[in-house]
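Reviewing the structure listed below.
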Amino acid sequence: MAMKFEERLRDRDAWSIGDGCSAGRVLDLLSTKTVFLVVRECFYGTTRFDDFVARIGTSAPAVSRALKQLKAAGIVAPVLYQEPGSRARDEYRLTEAGQDLLPVFLSLMQWGDTYLQEGRPPLSFVETDTGRPIRVRVTADAAPETTCDDIEIRVNPAWRRV
């Protein structure tokens with residue numbers, strides 16, 4: 001199975017989008033596992049540098065590079081905070097562009113749950129009000145958008161560490 005091309009694009013040797021491919025540009029942006037896991041942690045509510053390092057389980061320099069890359073791309077924005085007796089520091093929050101990565105994030109999680117977890121994914125994503133599972137689907141139908149605020153993350157009762 002494959003998508004179909006309009007008539008003027010059917011001769012695949014007659015055209016190329018090269019570096020203009022949006023999927024390629026997203027992969028350039030989310031180019032490392034650490035970058036993607038920083039985005040994941042932002043969706044999970046992590047905001048502080050030390051918490052990113054601890055939750056991702058990677059080095060501080062790797063997290064620093066990932067945050068710089070995401071900041072430069074407009075995916076996260078620093079927000080200044082200061083605890084009493086400490087110097088001011090940055091927290092990192094998803095921008096609108098970062099929040100728009102939610103379907104990408106959920107699609108990858110959903111695919112991994114189906115094909116990489118042997119039927120036992122660790123987490124379930126459900127609609128907060130109803131408890132119905134969140135699913136990402138390709139459709140031409142108009143549907144109301146679900147945002148991060150509408151999603152609750154739960155431990156999947158069927159999950160057990162292998």
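Nothing in this text is a laboratory measurement; each read-out follows from the coordinates by a stated rule. Being a predicted model, the structure only gives us computed values, none of them experimental. FYI the Cβ positions are ideal-geometry reconstructions off the backbone, even for glycines, and counts take in every protein chain you see.
Observations, loosely collected:
- Look at the dipole of the chain built from charges on Cβ: of F5, L106, T146, the Cα furthest out on the positive end belongs to L106.
- Long-range HN-HN contacts of E91 with modeled amide H, under 5 Å: V79, L80, Y81
- Relative to the longest principal axis of the Cα atoms of the chain, the long axis of helix 60-72 lies at roughly 60 degrees.
- Amide H contacts under 5 Å for V76, placed H, 5+ residues apart: K71, T95
- Where a label projected 7 Å from the Cα of A143 along Cα→Cβ would reach, residues of region 87-128 with amide N under 11 Å: none
- Computed 3J(HN,Hα) for region 113-128, one whole-Hz value per residue from the Karplus formula 6.51 cos²θ - 1.76 cosθ + 1.60 where θ = phi - 60°, is 4, 6, 10, 10, 10, 6, x, 10, x, x, 10, 10, 10, 10, 5, 4, glycine and proline marked x.
- Region 1-107, relative contact order in percent, only Cα pairs under 8 angstrom and at least six apart counted: 22
- One decimal place: the segment W15-T95 gains 25.3 nm when fully extended, by the rule 0.36 nm per residue minus the C-alpha distance.
- Test item: Cα-centred dipole of region 1-118, Lys/Arg +1 and Asp/Glu -1 on Cβ, debye: 280
- When the helices of the chain are scored as -39500 (n - 2.57) per DSSP H run of n ≥ 4 and the total is divided over every residue, the value at 222 nm lands at -10500 deg cm²/dmol.
- Coupling constants for region 89-105 follow from the phi torsions by the Karplus curve (6.51 cos²θ - 1.76 cosθ + 1.60, θ = phi - 60°), and in residue order they are 9, 9, 9, 10, 10, 5, 7, 4, 4, x, 5, 6, 7, 3, x, 5, 4 Hz; glycine and proline get x.
- Taking trypsin sites (Lys or Arg not before Pro) in DSSP loop conformation with at most 15 other Cβ atoms inside 10 Å as exposed sites, the chain has its longest uninterrupted site-free stretch at 11-86.
- Under-5 Å amide H pairs with I151, H placed in peptide plane, nonlocal only: T128
- Pairs of Cα atoms farther than 21 Å apart, region 28-117, %: 31
- For region 93-162, applying the loop criterion from DSSP together with a ceiling of 15 other beta carbons within 10 Å to the chymotrypsin sites (Phe, Trp or Tyr not before Pro) yields W159.
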